[in-house]
Amino acid sequence: MSTDDYVKFMAETLIQRLETPKSERRKQRNERKQMRAPFLVNWFGMVPFSLFIWYKKGRRMMRGLLSRN
C-alpha cells in the first residue's frame with residue numbers, strides 16, 4: 001500500500017466519521033461493545049469460563065450435601 005493510498009483511505013475515513021451524527025456513532029459503538037467477547041474469553045479462551053462453571057457446580061453440590069445432614 002503506497003503512501004498516497006493510505007492518505008486517501010484516512011481522508012475518506014475521517015470524512016465519513018465527520019458526516020455521521022454523534023448519536024449514530026454512539027449507537028454503533030455500543031453495538032460493537034455488545035458483540036465483543038468478554039475479556040477473559042478473548043485472552044485466555046474457554047479455560048477460565050469452564051473453571052468458573054466447575055467451581056460454581058461444586059459449590060452447589062456441597063451446599064446440597066451439607067443441607068441434607
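Ordering 15, 51, 39 by Cα displacement along the dipole of the chain toward the positive end leaves 51 in first place; charges were set at the Cβ atoms of Lys, Arg (+1) and Asp, Glu (-1).
Calculate for the chain the 222 nm mean residue ellipticity that helices alone would give, adding -39,500 (n - 2.57) per DSSP H run of length 4 or more and normalising by residue count, nearest 500 deg cm²/dmol.
On the way: 4 runs with 59 residues, N = 69.
Only helices count here, giving -28000 deg cm²/dmol.
In the list [x] 41, 11, 4; [y] 45, 10, 8; [z] 50, 17, 4, the label attached to semi-axes √(5λ) of the Cα gyration tensor in Å as derived from the coordinates here is [z]. Ignoring lysines fewer than eight residues from residue 27 along the same chain, none have Cα atoms less than 22 angstrom from its Cα. Evaluating 6.51 cos²θ - 1.76 cosθ + 1.60 at θ = phi - 60° for every residue in region 46-52, the Karplus couplings come out as 8, 4, x, 5, 5, 5, 4 Hz, glycine and proline recorded as x.
Laboratory data are not the source of any read-out in this text; all were calculated from the coordinates shown. For clarity, every value in this text was computed on a predicted model and none was experimentally measured. Quick reminder, even Gly has a Cβ in these numbers, built from the backbone with ideal geometry, and neighbours come from all protein chains shown.
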